[in-house]
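Here the structure is laid out as structure tokens; the discussion comes afterwards.
The values are calculated or read from the model by the stated rules, or taken from the named source; none is laboratory data. Since this is a predicted model, take the numbers as computed values, not measurements. Quick reminder, even Gly has a Cβ in these numbers, built from the backbone with ideal geometry, and neighbours come from all protein chains shown.
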Protein chains: 4
Amino acid sequence: MVDSWAEGDAVCLIAPREAPRIVRLARGPQRVGGDSVLDLTEQIGRPVGGEVPWLGATYRAVRPSLSDLLTTLHRGAQIVTAKDAAQILLLAGVAPGGRVAEAGSGSGALTLVLASAVGPGGHVLSCDRRPEFLENARSNVARAGWGDRVEFRRRDVALEGWGEDGFTSVVLDLAEPWQVVTHAEKALVPGGIFLAYLPTINQTAELRGALERSAFAMAETFEILRRTWHIEGRSVRPDHRMVAHTGFITHARLLAA
Amino acid sequence: MVDSWAEGDAVCLIAPREAPRIVRLARGPQRVGGDSVLDLTEQIGRPVGGEVPWLGATYRAVRPSLSDLLTTLHRGAQIVTAKDAAQILLLAGVAPGGRVAEAGSGSGALTLVLASAVGPGGHVLSCDRRPEFLENARSNVARAGWGDRVEFRRRDVALEGWGEDGFTSVVLDLAEPWQVVTHAEKALVPGGIFLAYLPTINQTAELRGALERSAFAMAETFEILRRTWHIEGRSVRPDHRMVAHTGFITHARLLAA
Amino acid sequence: MVDSWAEGDAVCLIAPREAPRIVRLARGPQRVGGDSVLDLTEQIGRPVGGEVPWLGATYRAVRPSLSDLLTTLHRGAQIVTAKDAAQILLLAGVAPGGRVAEAGSGSGALTLVLASAVGPGGHVLSCDRRPEFLENARSNVARAGWGDRVEFRRRDVALEGWGEDGFTSVVLDLAEPWQVVTHAEKALVPGGIFLAYLPTINQTAELRGALERSAFAMAETFEILRRTWHIEGRSVRPDHRMVAHTGFITHARLLAA
Amino acid sequence: MVDSWAEGDAVCLIAPREAPRIVRLARGPQRVGGDSVLDLTEQIGRPVGGEVPWLGATYRAVRPSLSDLLTTLHRGAQIVTAKDAAQILLLAGVAPGGRVAEAGSGSGALTLVLASAVGPGGHVLSCDRRPEFLENARSNVARAGWGDRVEFRRRDVALEGWGEDGFTSVVLDLAEPWQVVTHAEKALVPGGIFLAYLPTINQTAELRGALERSAFAMAETFEILRRTWHIEGRSVRPDHRMVAHTGFITHARLLAA
């Protein structure tokens, strides 16, 4: 079975020593980046993975991975990094067919990761009280073609909760997640997972206090560090600089009824 | 829609300050751990999340998350840790519906993670040349109920490759992954991802050399560190000890035809 | 000029794959550790570095380094680790001939490090309000032969300060160093350095607030991580476990008059 | 006893939110940095720590600490960082009165640190085969006023050794320190410490192999990571970026005769 390009597909162009680029497959020339013009018309119907000469180089046109999508996101907010997103998925127990409640939507980076992981049979309810963030997140998810598994809702979860229940996980990228703890107790199934991502340790300590007084148990907080290596011939060493901090991840599990 | 227990389900028993335990839901008393006897018969047909009194404590019976499954694995080999498994999924682009080739099967820990992520519509081909490892991995995957999306095959991938192609990712937990690079070139779709997990930096440097001479590009090597925090009232600090090393993750992308 | 052993010298016995041991050079057999008996009499007058057969092995008798002294300390309190002690010396500007004020004395580990660094021409004033800690610290410093460059004083520095001035550095290993900030302003020369070592980030944040409202400027807080490597033939990798946290180091400089 | 400025002293000018600057105390105006002119004449004879109005700000004139000297070094080579220099001092057992052999001199950063630590009664022999590095290192040490405790010698230590013995430590910042292992065996006293600082893990593994076949024992390799914190009011978190790698430190002890 050959995988072929269709109009409207998201195409990822890759080449050595270049950042990946994602464009929509359309008929006729399109403007990409600043002034560059690209015409992918002849790819339509061809097998995925073909060569595309452009700007003096040869790119390969492939389907974007989740990592490509994250790298090329339209940013509207500080985005969660891939190293953290990966841990969030695993620890929040987000798997194909899962039902996840998110607040806030932010740039849609985390929404994108959740939508990828729940798959076509899953459901993500993503709430934010700021319409411009909702719009940006919605467009980032639509670009990946996963609009039908995500519902965006304008809603202040701190005040009103999600207005639904039966979720297997709640994932929070909010400044004051302690305001959402009691709403999360109602929204989750028993054994369901609460997870929050926070930039400072003060916020994290305040959240841990709120969880201590809640129906959640088994709380844990950690940070993830990613150290890349330079490996070229006889020169093998860590790279000289790294990201030292993005956020603290706290997760807990709904235990009491 | 209420989620209810059926005979044969995997049940995860959780309680504060206890490690999760996974048991099969069966009629009649069953031996668990050493000498303890547990009878879950009356849970059959009841809603997921109910209380189970046992050994003087009250447990809650919930569906196991991937994290629970990893924690309670029957071990037959050094297992990949959750912090690394999570990164491997994201960087190898493993998503619902994906087709992934794995070598070797090891304890089945990584197979389990891959099987969870590809979901019911996906496919994992997991090869190992050691029958005892295959058997152990198969049993760990079956316990999670994901046997139908994983094919185990006894095969020395270094010599013969996987014998199939069209994979979106290959994931290697082998001592000499450089022997598999040319097989991986054939097994992957264009833009497909090669990922290997290795304990030492020597092996990693040798692999990077082999990738340098291959059709793969955009190679990167990194390690993931996870630092947990102690947060209790006025005492907020990192925990005193941590895992300093598990493995080096190297990934690259199939670029040339 | 040959360096020879004299009665009363501190002797460090080292052997491969053994922790160093420090004993006092005395005439006649002495009890070491539990039941072992060691007789070093014949070393007196011999050159430093000779062999000592003991307990079926061959040890070498050398002068102890600061690192040996720290490793073999009589413990009376949580001790500062070598990785932190080293940074403290450099950042507190402790150098030969320096005048350093310390509070509290604790186990004397930090006192020992300071005494080593100021050398025979320097001076350390170490205060603690707990007599048993003072006694222990004094004995650890005496064992190294540096008693004449350290003055121990029973004194609650939080209430009374050090009662002296003209110090080039103050070094604090106290639970509430913010109580000492105004005393430190008086004790230090212009440009003098304030340094505190604290186990939690809450204490550290409270101290930084107090420094903000003081005559100190250029405040900085950091932590030091030390990662050891396993290097044996073809197996080159970080060790599997490490110390993840000891303390936060905060330093600042007296700027205003 | 008041500490007063004399002509020729090294003066460190500090102010909030400025990097420290070191100038020589001279009569008459002097050019500093690019075009700025500074006249410190009237400080001569005044107490250390006074105010100096300059460029619209008020600086305080203090004696430079070792840390100030390192920060303001004339660079001729990649310099050892303060976090590593501090560990090197402690682990190489460099203390007041010590005798240390160094190769190569490099920028003189490490020489400066060693010279500070051995104090006026100590001795550092620093060899390099490149005259321009020797000259630069010599000038950096002279600026600190420690020229009389350091001997610089043009010499290829890999070929000829140091040409002296009785050292308590050898400290190496050379690309191929394994060539120096047998020279170090002869240069050190029994129990003396060998320490090398290397940028890559390959070099480090090669050195460890050479030490394995030598009279040195108790070899250990580690790296030091320094993570700074951002602490401002309610925002307490690690800084976003950090130095991920500078070098690997390997040390061992002369055991066999």
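Quick look at the values:
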| quantity | calculated |
| --- | --- |
| Residue in the stretch C:231-246 that is among the hydroxyl-bearing types (Ser, Thr, Tyr) and over 27 Å from residue B:226 (Cα atoms) present | no |
| Answer from A:159, A:207, A:134 - the residue that is farther than 30 Å from residue D:245 by Cα and touching a Cys at 6+ places or on another chain (Cβ under 9 Å) | A:134 |
| Filtered residues of the stretch B:218-249 (kept if of a type in the set (Val, Ile, Thr) and surrounded by 21 or more Cβ atoms within 10 Å (Cβ to Cβ)) | B:221, B:224, B:231, B:236, B:246, B:249 |
| Hey, residue D:187 more than 9 Å from chain C (Cβ to nearest Cβ), in contact (Cβ under 8 Å) with a residue 60 or more places away in the chain and buried (at least 21 other Cβ atoms within 10 Å of the Cβ) or not | yes |
| Contacts under 7 angstrom Cβ, first residue in the stretch D:236-254 being in contact (Cβ under 8 Å) with a residue 40 or more places away in the chain and closer than 30 Å to residue C:48 by Cα, partner among the small types (Gly, Ala, Ser) and in a loop (DSSP other than H, G, I, E, B), 6 or more apart | D:251/D:92; D:254/D:215 |
| Conditions (1) of a type outside the set (Asp, Glu); (2) more than 9 Å from chain C (Cβ to nearest Cβ); (3) under 30 Å from residue C:205 (Cβ atoms); number of the one not met by residue D:195 | (3) |
| Residue match in the stretch C:200-208 (condition: touching a residue at least 40 places away in the same chain (Cβ under 8 Å) and in contact with a Gly (Cβ under 6 Å, 6 or more places away or on another chain)) | no |
| Check on residue D:145, within 29 Å of residue C:70 (Cα to Cα), within 14 Å of chain C (Cβ to nearest Cβ) and of a type in the set (Gly, Ala, Ser) | no |
| Residue among A:67, A:107 that alone is of a type in the set (Gly, Ala, Ser) and either facing chain B (nearest Cβ under 10 Å) or in contact (Cβ under 8 Å) with a residue 40 or more places away in the chain (or both) | A:67 |
| Tally of residues being farther than 21 Å from residue D:206 by Cβ, within 27 Å of the chain's Cα centre (by Cα) and not hydroxyl-bearing (Ser, Thr, Tyr) across the stretch A:214-254 | 24 |
| The stretch A:123-152: number of residues that are touching a strand residue (DSSP E or B) at 6+ places or on another chain (Cβ under 7 Å) and over 22 Å from residue A:185 (Cβ atoms) | 11 |
| Selection from the stretch B:99-112 of residues that are at pLDDT 95 or above and either surrounded by fewer than 24 Cβ atoms within 10 Å (Cβ to Cβ) or not assigned by TED's automatic domain parsing to the domain that holds residue B:193 (or both) | B:99 |
| Matching residues, the stretch D:116-140, being part of a helix (DSSP H, G or I), touching a residue at least 12 places away in the same chain (Cβ under 8 Å) and either more than 10 Å from chain C (Cβ to nearest Cβ) or among the hydroxyl-bearing types (Ser, Thr, Tyr) (or both) | D:116, D:131, D:132, D:133, D:134, D:136, D:137, D:138, D:139, D:140 |
| Selected residue (criterion: surrounded by the most Cβ atoms within 10 Å (Cβ to Cβ)) from residues of the stretch B:163-177 that are in contact with a Lys or Arg (Cβ under 9 Å, 6 or more places away or on another chain) and under 13 Å from residue B:191 (Cα atoms) | B:169 |
| Condition check for residue A:213: closer than 30 Å to residue B:22 by Cα and either modelled with pLDDT under 95 or in the same structural domain as residue A:164 (by TED's automatic domain parsing) (or both) | yes |
| Condition broken by residue A:210, with the remaining ones in (1) over 15 Å from residue A:253 (Cα atoms); (2) out of contact with any His (no Cβ under 8 Å at 6 or more places or on another chain); (3) away from chain B (no Cβ under 11 Å) satisfied | (1) |
| Complete set of residues in the stretch D:216-257 that are more than 7 Å from every other protein chain (Cβ to nearest Cβ), more than 25 Å from residue C:59 (Cβ to Cβ) and in a loop (DSSP other than H, G, I, E, B) | D:233, D:246, D:247 |
| When residues of the stretch D:212-257 are limited to those that are in contact with an Asp or Glu (Cβ under 7 Å, 6 or more places away or on another chain) and of a type in the set (Gly, Ala, Ser), the one nearest to residue D:181 (Cα to Cα) | D:214 |
| Top-ranked residue of the stretch A:224-257 - restricted to ones that are in contact with a His (Cβ under 7 Å, 6 or more places away or on another chain) and not basic (Lys, Arg), ranked as farthest from residue A:93 (Cα to Cα) | A:240 |
| Count - residues of the stretch A:183-212 that are within 21 Å of residue A:162 (Cα to Cα) and not in a helix (DSSP H, G or I) | 11 |
| Among (1) under 14 Å from the mean Cα position of the chain (by Cα); (2) under 24 Å from residue D:117 (Cα atoms), the one test that residue C:49 misses | (1) |
| Test set (1) touching a helix residue (DSSP H, G or I) at 6+ places or on another chain (Cβ under 8 Å); (2) β-branched (Val, Ile, Thr); (3) more than 20 Å from residue D:82 (Cα to Cα) - residue D:249 fails condition number | (3) |
| Wholly within the stretch B:1-98, strands (runs of 3 or more DSSP E) carrying at least 2 residues that are surrounded by fewer than 16 Cβ atoms within 10 Å (Cβ to Cβ), at pLDDT below 85 and among the aliphatic types (A, V, I, L, M) | none |
